[in-house]
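The values are calculated or read from the model by the stated rules, or taken from the named source; none is laboratory data. Just so you know, these numbers come straight off a predicted model, no measurement behind them. All Cβ positions, glycine included, derive from the backbone under ideal geometry; neighbour counts span all protein chains shown. The area values use the complete protein model at the heavy-atom level, side chains included, leaving out ligands, DNA and RNA. Shrake-Rupley method; radii C 1.70, N 1.55, O 1.52, S 1.80 Å.
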Amino acid sequence: MAKKLPAVDVALVGFGWTAAIVAEELTAAGLDVLALERGAWRDTPTDFAVTFAQDELRYMWRRSLFQEPARQTLTFRNSMDQTALPMRHLGSFLPATGVGGAGIHWNGQNWRFLPTDFVARSHNEARYGTLPESMTVQDWGVTYDELEPYYDKFEYLCGISGKAGNIKGRIQDGGNPFEGPRARDYPNPPLDMVYGPTLFAAAARETGHKPFPCPAANMSRAYTNPLGVTLAPCSYCGFCEKFGCGNYSKSSPQTTILPVLMRRNNFELRTQCEVLRVNCDSSGKRATSVTYIDTEGREFEQPAEMIFLCAFAQHNVHLLLLSGIGKPYDPKSGEGVVGRNYAYQIVSSVDVFFDDKIINPFVGAGGLGVGIDEYNGDNFDHGGLGFIGGGYLACWNTHGRPIELHPTPKGTPKWGSKWKEAVARNYLTTATISTHGAVMSYRTNYLDLDPTYRDAHGRPLLRLTFDFGDNEHRMSDYLTDRAAEIAKAMKPREIHAKKRNGHYSVVPYQTTHNTGGAAMGTDPRTSFVNRYLQSWDVPNLFVMGSSVFPQNAGYNPTGTIGALTYAAVDAVKNIYLKNPGPMVQA
């Protein structure tokens, strides 16, 4: 029997970027906010101090900051005719756990989506004709122009380093000329560029492209954000992705919001409290509370006036399915919305080997790189190519971690003396061009509850059914070929183009950018939340994060997640609190 606790105004499930933003905004508006985080407390001076040696074995390979599959996992299969099996080791993506969530271990690569990304169905059909029936691509219900002020707010919270390419419709030299119009430049100038990306930029210009410094949440200089929190200049240590930053140089909830939020008397954070379900009243139209369990196995019922799901994308969907909120998606009939429109991203790379150029890969930062955007979204004519969508190409200098980084030419043995010789020869003299491609949503890619496997609490595991489509393979091959052309223009000794072949696998790491399952949109028949991330069915329930993306664009998602969160909480303050109920009439 769960112990019922005193009610609060707002309950947050999970505590990463989105929960921190919601908590800061709503406590500032005078509401009592409670956050429930399944993982442990983490802050910079305690867990990531500069005297705390970065341990690649602990953080990268033993997954110290991530979900433990022995405690919580999901099952996976490529298609509906297969039997899904549990993921017993984290591989292709890395869900975080603990205060800060993925905001601790991200690289800091912070992008805005293109204006056309938000109207993916209507734009592509207007230009190229009707999309295949198998695609469930849809417009978001919100436009880039509507989100622009909230992109700006997130970038200034984080102190993004970069160079604007389009300010109020005027193209800016040195920035990304394909980005949507922005009101002002980034708050900080670009990071100091290192040799590998500089070589890429020169080759990109030589081949007719417009390279620009990639926007980074790594500080190019000391910066104090609008909340009064100060971040320090990056030291280019190369321990960003999969690591916490002890130098206060990478934006995270800990380095941008928590120092302010934790001082507020109307905010409470309870850690190691796992929410088991969201409870509704007898009508099913109002969320009344959440039930959670602590580390001692005690169950509590926490009533709240509003509930925000702020966990990792798949966890939000899992909780909705377990709670019986919303109609589960059925791929055979195409009906239902919870679990619909799951998408991922598709990546590839080209290694560029030199004999006479020292790249020094260990001088890095998570967002340190030069990119080009000619092949992203609909920035190029797809006529006759056989696919829609695209992605950016970038040469990053993110790290030179010795256990992870072993650049070797094609044909090198996987082990032994020849492998060692190749690593020693190429470690300092290799650059890599990465492609980062979109994945469309399809009728047969979805999330549901597994009929066989259960977690420690007796609940069905989440089941992921996913594979890359022909559209994605054609698009990724196209991007890889363009990357290879630029790689050759860098005048290397040799290159190794590594295309993404075959079925999707959960084994090798690719990207943690999972999206969909509680998609936003304009039609309750095809979306779980409206443009304000408010449930169509349960108006005092909100879903944050990338689980609301209808499909996945060719950029890292955090900037758009931040913008959507600020837009949603702005609507809650200015519309919902004055008149609680649906903010959009279907």
Subject >> Residue satisfying condition, being open to solvent by 40 Å² or more (accessible area, probe 1.4 Å), among the charged types (D, E, K, R) and either under 30 Å from Asp9 (Cβ atoms) or not in a strand (DSSP E or B) (or both), within set Glu305, Glu374 >> reply: Glu305
Original post:
How many residues are open to solvent by 30 Å² or more (accessible area, probe 1.4 Å) and under 30 Å from Phe66 (Cα atoms) when one looks only at the range 195-225?
Top reply: 4
Subject >> Among (1) hydrophobic (A, V, I, L, M, F, W, C); (2) touching a residue at least 40 places away in the same chain (Cβ under 8 Å); (3) part of a loop (DSSP other than H, G, I, E, B), the one test that Leu199 misses >> reply: (3)
**OP:** Find all pairs meeting these conditions: Cβ atoms under 6 angstrom apart; at least six residues apart or on different chains; first residue within the range 146-170 and closer than 20 Å to Ile21 by Cβ; second residue of a type in the set (Lys, Arg) and part of a loop (DSSP other than H, G, I, E, B).
**Re:** Tyr151/Arg112
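Does Asn265 qualify as being modelled with pLDDT of 95 or more, outside any helix (DSSP H, G or I) and either under 20 Å from Glu37 (Cβ atoms) or open to solvent by 50 Å² or more (accessible area, probe 1.4 Å) (or both)? Break it down into steps so the answer makes sense when it comes.
Values: modelled with pLDDT of 95 or more: yes; outside any helix (DSSP H, G or I): yes; either under 20 Å from Glu37 (Cβ atoms) or open to solvent by 50 Å² or more (accessible area, probe 1.4 Å) (or both): yes.
In short, yes.
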Original post:
Of the residues Asn530, Asn552, Asn540, Asn574, which is touching a residue at least 40 places away in the same chain (Cβ under 8 Å) and farther than 22 Å from Cys280 by Cα?
Top reply: Asn552
**OP:** Give the residues of the range 385-410 that are more than 24 Å from Arg205 (Cα to Cα), among the small types (Gly, Ala, Ser) and modelled with pLDDT of 95 or more, sorted by residue number.
**Re:** Gly386
Subject >> Failed item in (1) of a type in the set (A, V, I, L, M, F, W, C); (2) in contact (Cβ under 8 Å) with a residue 12 or more places away in the chain; (3) surrounded by fewer than 24 Cβ atoms within 10 Å (Cβ to Cβ), with Leu393 passing the rest >> reply: (3)
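Condition test on Asp139, is it of a type in the set (Asp, Glu), more than 30 Å from Val229 (Cβ to Cβ) and touching a Lys or Arg at 6+ places or on another chain (Cβ under 9 Å)?
Working: of a type in the set (Asp, Glu): yes; more than 30 Å from Val229 (Cβ to Cβ): yes; touching a Lys or Arg at 6+ places or on another chain (Cβ under 9 Å): yes.
Yes, satisfied.
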**OP:** Could you please give the count of residues in the range 332-366 that are more than 25 Å from the chain's Cα centre (by Cα) and either at pLDDT below 95 or assigned to a loop (DSSP other than H, G, I, E, B) (or both)?
**Re:** 11
Original post:
Restricting the search to the range 226-262, which residues are crowded, with 24+ Cβ neighbours inside 10 Å and among the small types (Gly, Ala, Ser)?
Top reply: Gly244, Ser249, Ser251, Ser252
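Check Gly334, Gly383 and return the single one that is out of contact with any strand residue (DSSP E or B) (no Cβ under 9 Å at 6 or more places or on another chain), under 18 Å from Arg463 (Cα atoms) and either surrounded by 24 or more Cβ atoms within 10 Å (Cβ to Cβ) or not charged (D, E, K, R) (or both). Full working, then the answer.
Details: Gly383 fails: under 18 Å from Arg463 (Cα atoms).
Of Gly334, Gly383, the one residue that is out of contact with any strand residue (DSSP E or B) (no Cβ under 9 Å at 6 or more places or on another chain), under 18 Å from Arg463 (Cα atoms) and either surrounded by 24 or more Cβ atoms within 10 Å (Cβ to Cβ) or not charged (D, E, K, R) (or both) is Gly334.
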Original post:
Does the range 338-369 hold any residues that are open to solvent by 10 Å² or more (accessible area, probe 1.4 Å) and of a type in the set (Val, Ile, Thr), and which are they?
Top reply: Val347, Ile358, Val363
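Residue-by-condition table, conditions (1) buried (at least 20 other Cβ atoms within 10 Å of the Cβ); (2) within 13 Å of Leu74 (Cα to Cα); (3) more than 23 Å from the chain's Cα centre (by Cα):
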| residue | (1), (2), (3) |
| --- | --- |
| Asn445 | yes, no, no |
| Thr452 | no, yes, yes |
| Asp455 | no, yes, yes |
| Arg459 | no, yes, yes |
| Asp470 | no, no, yes |
| His473 | no, no, no |
| Ser476 | yes, no, no |
| Arg482 | yes, no, yes |
Original post:
Can you tell me which residues in the range 138-163 are closer than 27 Å to Asp381 by Cβ, of a type outside the set (Asp, Glu) and either at pLDDT below 95 or surrounded by fewer than 21 Cβ atoms within 10 Å (Cβ to Cβ) (or both)?
Top reply: Thr143, Lys163
**OP:** Exactly one condition in (1) open to solvent by less than 50 Å² (accessible area, probe 1.4 Å); (2) in contact with a helix residue (DSSP H, G or I) (Cβ under 8 Å, 6 or more places away or on another chain) is not met by Lys499; state its number.
**Re:** (1)
Subject >> Residue that is most open to solvent (accessible area, probe 1.4 Å) [pool: residues in the range 100-127 that are closer than 11 Å to Leu65 by Cβ and hydrophobic (A, V, I, L, M, F, W, C)] >> reply: Ala102
**OP:** Tell me which residues, restricted to the range 537-581, are over 17 Å from Ser441 (Cβ atoms), touching a strand residue (DSSP E or B) at 6+ places or on another chain (Cβ under 7 Å) and part of a loop (DSSP other than H, G, I, E, B).
**Re:** Val538, Asn540, Met544, Asn556
